[in-house]
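Report on the following structure.
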Amino acid sequence: MDALCSRLLVEDFDTAARFWTEALRDLLGVEPFKVVPEPGYANWDLGGEAVLVLHSRGTMAEVVGTAELPSAAPGQDTAMLVLRVEDVDDAARRLGGHGARVLAEPQDRPEWGPNPRTAHIRTPDGTLVELQSY
């Protein structure tokens, strides 16, 4: 395997693309490599490798033949994106400025291993994100 890339299937592509464009620019200085509003595709590269890709959930449902099925009912999250950052507190504050909601304030979590610090946010489109530093 040459590379691994996270792909988020999002309900509201425009909101998600706007949030991730601002957030990745602010946190990592990364600009979008490609944004295609129709059919709902965007990707961000770092060092020539895709680090995040967004797909419209509706478009992917059509691609895989599940468009006629109902969307998942609201409930517990089934996936989470993890971003490793230098300063969890600063990253949570900055992403909050881009519209994310802080669910769990930055805190040390010694029970998770040596020196982890985390915060959990929800992006404007509903994606659960863990910010972590070690």
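Every number in this text was worked out from the coordinates using simple rules, so none of it is lab data. Not measured: the values here are computed from a predicted model. Neighbour counts run over all protein chains shown; Cβ positions are idealised from the backbone, glycine included.
Worth pointing out:
- DSSP beta bridges fully contained in region 6-133 are about 70 percent antiparallel.
- Mean residue ellipticity, 222 nm, helices only, the chain: the sum of -39500 (n - 2.57) across DSSP H runs of n ≥ 4, divided by residue count and rounded to 500, is -7500 deg cm²/dmol.
- Diffusion constant of region 21-96 at 10 °C, which comes from Stokes-Einstein with the Kirkwood Cα-pair radius and 1.306 mPa s, µm²/s: 107 µm²/s
- Among the GluC sites (Glu not before Pro) within region 42-134, those in coil by DSSP and having at most 11 neighbouring Cβ atoms inside 10 Å are 68, 86.
- Taking 0.692 mPa s as the viscosity and 37 °C as the temperature, the Stokes-Einstein diffusion coefficient of region 62-133 based on its alpha-carbon Kirkwood radius rounds to 240 µm²/s.
- The C-alpha atoms of region 1-48 occupy a region whose extents along the principal axes are 29, 26, 14 Å, arranged from largest to smallest.
- Contact order, relative form, for the chain: 23 percent (alpha carbon pairs under 8 Å, 6 or more residues apart, mean separation divided by residue count).
- For the chain, the mean projected area of the C-alpha convex hull, equal to one quarter of the hull surface, is 9.3 nm².
- With each label modelled as a point 7 angstrom along the Cα→C-beta vector, the residue 115-residue 38 pair spans 5.1 nm.
- As a rough footprinting exposure proxy, the listed residues 82, 30, 10 were ranked by other beta carbons within 10 Å of their own, and the order from fewest upward is 82, 30, 10.
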